[in-house]
1. The conditions are (1) surrounded by fewer than 17 Cβ atoms within 10 Å (Cβ to Cβ); (2) part of a helix (DSSP H, G or I), and residue 316 fails exactly one of them. Which is it?
2. Name the pairs whose Cβ atoms lie under 6 Å apart, with the first residue in the range 74-92 and surrounded by fewer than 21 Cβ atoms within 10 Å (Cβ to Cβ), the second part of a strand (DSSP E or B) and modelled with pLDDT under 95, and 6 or more positions between them or separate chains?
3. Which one is modelled with the highest pLDDT among residues in the range 274-313 that are more than 26 Å from the chain's Cα centre (by Cα), in a helix (DSSP H, G or I) and exposed (fewer than 13 other Cβ atoms within 10 Å of the Cβ)?
4. Filtering the range 217-246 down to residues that are within 26 Å of residue 299 (Cα to Cα) and within 17 Å of the chain's Cα centre (by Cα), which residue is surrounded by the fewest Cβ atoms within 10 Å (Cβ to Cβ)?
5. Checking the structure you have, find out if any residue of the range 251-260 is assigned by TED's automatic domain parsing to the domain that holds residue 108 and assigned to a loop (DSSP other than H, G, I, E, B).
6. State whether the residues of the range 76-89 include one that is outside any helix (DSSP H, G or I), closer than 18 Å to residue 120 by Cβ and at pLDDT 95 or above.
7. Condition first: surrounded by fewer than 18 Cβ atoms within 10 Å (Cβ to Cβ) and either part of a strand (DSSP E or B) or at pLDDT 95 or above (or both). Can you find one or more residues in the range 46-63 that meet it?
8. Does residue 201 count as at pLDDT 95 or above and either buried (at least 20 other Cβ atoms within 10 Å of the Cβ) or in contact with a helix residue (DSSP H, G or I) (Cβ under 9 Å, 6 or more places away or on another chain) (or both)?
């Protein structure tokens with residue numbers, strides 16, 4: 001009799017577990033259907049409003065209060081150049097004020113762009129080595145996988161001294177595979193050879209500029225070792241002339257996809273060099289306006305400093321500054 005009761009109890013327990021499992025699967029399907037319905041409904045509404053598709057891009061910036069005004073111009077350019085996309089902009093900082101964030105927020109359409117402050121506490125970088133050329137803020141883009149939400153698997157890092165003049169879809173949707181980063185090189189053949197030798201990179205690699213980086217956060221979470229990076233910096237600090245950019249290239253050159261600087265990270269030097277090579281016929285401002293996505297005002301040559309800018313790409317900064 002006891003054996004029969006045990007068998008009946010085991011059978012009932014098994015059946016209950018099966019039904020619970022089916023219920024959980026059903027709930028998961030409901031969640032999936034809810035997301036699908038929301039996407040369909042949002043796309044439909046956008047089509048009615050003249051907006052074609054539901055595209056959400058994650059953007060990462062890191063700055064202090066000195067770059068708040070240039071950032072507002074950059075965000076304005078992103079919104080204007082990508083009219084059918086929405087954005088989540090993660091602002092990594094350690095010192096921005098409420099007033100700074102109010103300036104940033106009023107520069108964008110809140111219906112299409114969410115500004116997300118990410119305060120970086122000193123404890124997160126407690127073991128990070130610092131030096132004259134390497135401040136703690138230097139690390140913000142290198143450790144992004146440590147502080148970004150788990151829901152973020154891909155993000156586009158942009159320096160605030162940038163304007164976006166054409167849609168970002170192609171760049172944002174590059175097949176990253178198992179690579180950590182996608183970025184462009186600004187240096188010519190000689191400087192590239194010097195940099196790769198100095199940082200013990202493969203001769204076939206290019207020295208990548210860190211101002212525009214498509215980041216595979218999902219893969220960084222899997223394989224990046226922050227303690228190893230800190231040990232590397234402490235050991236090699238004397239030869240890391242360009243701080244985190246040197247770290248990026250020295251440690252991760254094997255996990256990097258090279259993209260075209262003419263399209264995705266055009267600075268004044270690259271524009272001038274390529275223009276001379278083409279005899280000024282194929283690469284001019286009209287070509288840039290039609291083909292380039294990102295114009296980068298790197299170095300000391302800043303278009304918001306009155307009378308100081310040397311070159312001609314500042315026309316694009318003025319365009320979005322005056323919008």
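1. All conditions pass for residue 316, except number (1).
2. Here the result reads 86/56, each pair linking the range 74-92 to a residue that is part of a strand (DSSP E or B) and modelled with pLDDT under 95.
3. The residue in question is 286.
4. Only one residue tops the list, namely 245.
5. Kept after step one, since they are assigned by TED's automatic domain parsing to the domain that holds residue 108, are these residues of the range 251-260: 251-260.
From the residues that got through so far, the ones that are assigned to a loop (DSSP other than H, G, I, E, B) too are 260.
Yes - at least one qualifying residue is present in the range 251-260.
6. Taking the range 76-89 first, the residues outside any helix (DSSP H, G or I) are 82-89.
Applying the additional criterion that residues be closer than 18 Å to residue 120 by Cβ yields 88-89.
The next check asks that each one be at pLDDT 95 or above; those that pass are 88-89.
Yes, there is a match, as at least one residue in the range 76-89 is outside any helix (DSSP H, G or I), closer than 18 Å to residue 120 by Cβ and at pLDDT 95 or above.
7. Yes, there is a match, as at least one residue in the range 46-63 is surrounded by fewer than 18 Cβ atoms within 10 Å (Cβ to Cβ) and either part of a strand (DSSP E or B) or at pLDDT 95 or above (or both).
8. On the way: at pLDDT 95 or above: no; either buried (at least 20 other Cβ atoms within 10 Å of the Cβ) or in contact with a helix residue (DSSP H, G or I) (Cβ under 9 Å, 6 or more places away or on another chain) (or both): yes.
No, not satisfied.
The values are calculated or read from the model by the stated rules, or taken from the named source; none is laboratory data. Because the structure is predicted, anything quoted here is derived from the model rather than measured. So basically every Cβ, Gly included, is an ideal-geometry build from the backbone, and we count neighbours across all protein chains shown.
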